[in-house]
Amino acid sequence: MVRLTVNGEHHELALDPRTTLLDALRDHLGLTGAKKGCDHGQCGACTVHVDGRRVLSCLALAVAQRGREIMTIEGLALGAHLHPMQLAFIECDALQCGFCTPGQIMSAVALLAEVDHRRELTDVAIRERMSGNLCRCGAYPNILAAIRRVRT
Amino acid sequence: MRPFAYVEGVSVADAAAAVHAAPTAIFLAGGTTVVDLMKLGVLAPATLVDVHRLPLGDIELDDRRARIGACVRNAQLAEHPDIRARWPVVGEALLSGMSPQLRNMSTVAGNVLQRTRCPYYRDPHSACNKREPGTGCAARTGWDRDAAVLGTSPHCIAVFPSDLATALAILDTIIYTRRGDGGARRLPFDGFHRLPGRSPERETVLDHGELVTHFELPDLALSRRSHYLKVRDRASYEFALASAAVALDVERGLVRDARIALGGVATRPWRCPAAEQSLRGRRAEPAAFRAAADLALADAVAGAHNGFKIELARHVVARALTELAARPG
Ligand SMILES: Cc1cc2nc3c(=O)[nH]c(=O)nc-3n(C[C@H](O)[C@H](O)[C@H](O)COP(=O)(O)OP(=O)(O)OC[C@H]3O[C@@H](n4cnc5c(N)ncnc54)[C@H](O)[C@@H]3O)c2cc1C
Ligand code: SF4
Ligand code: FES
Ligand code: FES
């Protein structure tokens, strides 16, 4: 039995040790926000938070997450109130197909928590710190604008 | 992925003994190399012994050294204020590689023990002596644009890709281990990674079941003035085509001591002793740096598509030294 805490809820799952955190979230808990893009750590579509840090759920084994606090895009909004980053993505039109978007948003939320002074976040710094999240639609300019909006 | 048993290591001794006892067991740390290669079918361990919760996650410092636990996360090391001040090359190397997500997951030991990105190694259907000894080397007659130009053998030409290891190579790093039979070793970083020779499948001097526990960085006169420069196919989130870790001890314009290591072009972290020696006593200026760069690449041998790396690496070495000499120090 694997015990997982996801978005504040406790779950006990019977999982094969081969199950990645991404597959546990999507196939066993029905949380399909985190996406499977490359499944090899290269695209960032599967980004979730583990103990507050952004990680790639496709390279994390579910069995190794005992006792960790996992947060997915589904846990970001407070009830009916979207997270400011979700609102900014909508307002800035920071997506086209939307496939990379949950990963982009989880990554961007963690990014803001990683720096001591948001002033450090120049456009160049944001681009560098978001470089692990690829977007095949090339929505980068508006993703940058959305993060800039929340930064200030 | 082949089925495997997952075991959580409860102590250093116990984790080492568990892998030692089972010929097909391996350690699991952040999993960013292991899980990736298991999905591809390149690694197929029967048992994974998870070490990421062992008490090896601290960075301890005093005036003379840093002691870095094997399971310290790469992000944690890159951001540590004292490491950034006293060994800047370490943080610069780490921040030039991976993505923030990967740096949050992966560990220092896992980084130094990561596998090559050679595309034939990653494809179980290709001939590859490193993955399956005796099958040949598909890269030698195939796509070798990313392959090494230094330290190659007829049996393997794969690049060892770690940025961090390139930095550690110039810092007199010591690796501490615990063996599966209970013994412990203190291994100099120089010589830790093996040349491919006739047995490219053996990448380090570690024995089966030998757990890396710590890395020690001594405080050196030149470690505060150290620098990492990396050139890659895109601006970020990519492995090196060529990189250099450099350090300089300069007094009144004269080089007292220098360190140079190359990444992205060699089969293991590549120190350049002749190039370093050529700088001692010389003026710290671009002409001397260019001459040192020529020496660093003097033994390079190109394959069909990777000849550009030799010239590129020369420029990277010369530019890294020039940038470093221009820093206030
Ligand atoms: C998309 C992508 C991009 C990347 N880009 C870069 C880059 O630009 N530069 C770069 O340098 N690297 C890069 N990497 C590689 C990355 O640095 C490594 O995957 C990572 O550092 C491995 O650390 P880990 O803790 O996840 O190791 P794991 O995958 O858990 O383990 C790696 C190896 O180390 C062994 N091991 C782990 N801990 C110990 C220990 N304490 N003692 C003995 N053996 C141990 C394991 O058995 C395994 O063989 C990239 C990886 C990916 C997936
Ligand atoms: S270069 Fe090395 S890793 Fe690549 S195919 Fe040849 S033997 Fe395998
Ligand atoms: S699906 Fe995890 S990084 Fe692409
Ligand atoms: S919006 Fe389509 S991949 Fe980013």
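Its Cα gyration tensor gives region B:145-285 an equivalent ellipsoid; the semi-axes, largest first and in whole Å, are 27, 21, 14.
From the protein chains alone at 1.4 Å, what is the descending order of accessible area for B:Asp257, B:Asp172, largest first?
Details: B:Asp257 40, B:Asp172 65 Å².
Order by accessible area, largest first: B:Asp172, B:Asp257.
A cut-off of 5 Å between modelled amide H atoms, ignoring neighbours fewer than 5 places along the same chain, links B:Thr107 with B:Gly30, B:Asn74. Taking every alpha-carbon pair in chain B and binning the separations at 10 Å intervals from zero gives 6, 26, 35, 24, 8, 1, 0 percent. Backbone geometry of region B:266-283 corresponds, through the Karplus equation with coefficients 6.51, -1.76 and 1.60 at θ = phi - 60°, to 3J(HN,Hα) couplings of 10, 7, 8, x, 10, 6, 10, x, 5, 5, 4, 4, 5, 8, 5, x, 8, 5 Hz, x marking Gly and Pro.
Only the Cβ atoms of Lys and Arg (+1) and of Asp and Glu (-1) were treated as charged; on that basis the dipole of chain A about its Cα centre amounts to roughly 280 debye. Taking amide H atoms as placed 1.01 Å from N in the peptide plane, the amide H of B:Arg65 lies under 5 Å from those of B:Asp219, each 5 or more residues away in sequence or on another chain. Residue order by solvent-accessible surface for A:Arg151, B:Arg259 is A:Arg151, B:Arg259, largest first, with ligands and nucleic acids left out and a 1.4 Å probe. With the charge dipole of region B:1-150 set up from +1 on Lys and Arg Cβ and -1 on Asp and Glu Cβ about the Cα centre, the Cα lying farthest toward the positive end among the listed residues B:Thr135, B:Met98, B:Thr47 is that of B:Thr135.
Short-range pairs are left out: with C-alpha atoms under 8 Å and at least six residues apart, the relative contact order of region B:25-155 is 22 percent. Residues A:Arg54, B:Arg194, sorted by accessible area with the largest first, give B:Arg194, A:Arg54 [1.4 Å probe; ligands and nucleic acids excluded].
Under the Karplus relation 6.51 cos²θ - 1.76 cosθ + 1.60, θ = phi - 60°, what is the ordered set of whole-Hz ³J(HN,Hα) values for region B:223-236, x standing for Gly and Pro? Here the 3J(HN,Hα) series is 5, 5, 9, 9, 7, 10, 10, 10, 10, 9, 5, 9, 5, 8 Hz. Near B:Glu210, the amide H atoms lying under 5 Å from its own belong to B:Gly180; only residues 5 or more places off or on other chains count, and H is placed 1.01 Å from N. Listed by chain and number, the lysines whose alpha-carbon sits under 30 Å from that of B:Lys39, ignoring those within fewer than 8 places in the same chain, are A:Lys35, A:Lys36, B:Lys130, B:Lys230. Roughly what angle does helix B:308-325 make with the longest principal axis of chain B, taking Cα atoms, 0 to 90 degrees, to the nearest 10? Between helix and principal axis, roughly 60 degrees.
In this structure, B:Ala13 and B:Gln277 have a Cβ-Cβ separation that, at R0 = 41 Å, corresponds to a calculated FRET efficiency of about 0.45.
Out of every Cα-Cα pair in the protein assembly as shown, what percent are more than 33 Å apart?
Numbers: 45555 of 115440 pairs.
In whole percent, the share of Cα-Cα pairs in the protein assembly as shown beyond 33 Å is 39.
In a reduced charge model with +1 at each Lys and Arg Cβ and -1 at each Asp and Glu Cβ, region B:226-325 shows a dipole moment near 60 debye about its Cα centre. The 3J(HN,Hα) values that the Karplus relation (6.51, -1.76, 1.60; θ = phi - 60°) gives for region B:172-189 are, in residue order, 6, 5, 10, 10, 9, 10, 10, 8, x, 8, x, x, 10, 9, 10, 10, x, 4 Hz. Gly and Pro appear as x.
In this Cβ point-charge picture (+1 for Lys and Arg, -1 for Asp and Glu), the protein assembly as shown has a dipole of about 900 debye about its Cα centre.
Ligands, DNA and RNA aside, B:Arg234 has an accessible area near 100 Å² when probed at 1.4 Å.
Dividing the summed -39500 (n - 2.57) terms of all DSSP H runs of n ≥ 4 by the residue count of the protein assembly as shown sets its mean residue ellipticity at 222 nm at -7500 deg cm²/dmol.
Using only C-alpha positions, report the orientation-averaged shadow area of the convex hull of chain A, nm², one decimal. The directionally averaged projection comes out at 8.8 nm².
Given contacts defined as C-alpha pairs under 8 Å and at least six residues apart, what's the relative contact order of chain B, whole-number percent? Walk me through the intermediate numbers first.
Details: 763 pairs, mean separation 57.7, N = 329.
Reported as a whole number, the value is 18 percent.
The values are calculated or read from the model by the stated rules, or taken from the named source; none is laboratory data. Note that the structure is predicted; figures quoted are calculated from it, not measured. So basically every Cβ, Gly included, is an ideal-geometry build from the backbone, and we count neighbours across all protein chains shown. Surface areas here come from the heavy atoms of the whole protein model, side chains and all, with no ligands, DNA or RNA. Shrake-Rupley method; radii C 1.70, N 1.55, O 1.52, S 1.80 Å.
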